[in-house]
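Just so it is clear, none of the values below were taken in a lab; they were calculated from the coordinates. These figures come from a predicted structure and were not determined experimentally. FYI the Cβ positions are ideal-geometry reconstructions off the backbone, even for glycines, and counts take in every protein chain you see.
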Amino acid sequence: MAETAIPDPGTARAKRASDLIARATRAELKTLIDALGVTAEATPLRGPETGLVMVRGRMGGGGSPFNLGEVTVSRATMRLASGTVGHAHALGTDREKARLGAIVHALWQEEATRDRVESGLLAPVERRITEENARKRAETAATRVDFFTMVRGED
């Protein structure tokens, strides 16, 4: 019998943070970093740089995977003065957003600033995404058409 792996709560929290940092806007990242005042203390280890990534898809969400196409992605790795290293990826060519994201990722890893990153960036971004999804669902529901079939009696 195959055993299922129990996800590490720390890994799930780190994945959530990375996902939300990637979906934050450049302005949201910049506002948080300015509030914490750490921009000058960060040094680049890699990038920021832009390249292509192959995106894979599945028919119906569960079919066999296939190569859908390439998308542009920017990435960066930054080290804070404390030695903490952060990594970030961002869709598109916004290298500054990737750089700021890597700084925020490093700040999230440090106990001293994690709560401020959570309350100042991650929670608001999560709320924004939830509100955008709800708005899209409402717009889609407004255009929904229900089809039904009427059965005619036999003469």
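Taking the helices alone, the chain has a mean residue ellipticity at 222 nm of -14000 deg cm²/dmol, built from -39,500 (n - 2.57) per DSSP H run of at least 4 residues and averaged over all its residues.
Taking the three principal axes of the alpha carbon atoms in segment 1-142, the coordinate ranges are 47, 39, 35 Å, sorted in descending order. Counting beta carbons within 10 Å around each of Arg99, Arg137, Arg144 and listing the fewest first gives the order Arg144, Arg137, Arg99.
Just to be sure I understand: with springs between alpha-carbon atoms less than 10 Å apart, which residue in Pro48, Pro124, Pro65 has the highest mean-square fluctuation in the Gaussian network model of the chain? Looking only at Pro48, Pro124, Pro65, the largest GNM fluctuation is found for Pro65.
Summing charges over neighbours of Thr143, with a neighbour being any other residue whose Cβ is under 12 Å away from its Cβ, gives +1 when K and R count +1 and D and E count -1. Give the calculated FRET efficiency between Leu52 and Glu118 to the nearest 0.05, with a Förster radius of 22 Å applied to their Cβ-Cβ distance. My answer for the efficiency is 0.10. So for the chain, taking the charge dipole from beta-carbon charges (+1 Lys/Arg, -1 Asp/Glu), which of Ala142, Ile129, Gly92 sits furthest toward the positive end? Highest projection toward the positive end goes to Gly92.
How would Ser64, Ser18, Ser82 line up from fewest to most surrounding beta-carbon atoms within 10 angstrom? List each step's numbers first, then the result.
Numbers: Ser64 7, Ser18 17, Ser82 14.
Fewest-to-most ranking of Ser64, Ser18, Ser82: Ser64, Ser82, Ser18.
Relative contact order of the chain, taken over Cα pairs closer than 8 Å and 6 or more residues apart, is 21 percent.
For the residues Asp19, Asp146, what sequence is obtained by ranking on other C-beta atoms within 10 Å, fewest first? Spell out each step's value before the answer.
On the way: Asp19 14, Asp146 4.
Fewest-to-most ranking of Asp19, Asp146: Asp146, Asp19.
Sorting the Cα pairs of segment 55-111 by distance into bins of 5 Å, from 0 upward, gives 5, 20, 18, 13, 12, 12, 11, 7, 3, 1 percent per bin.
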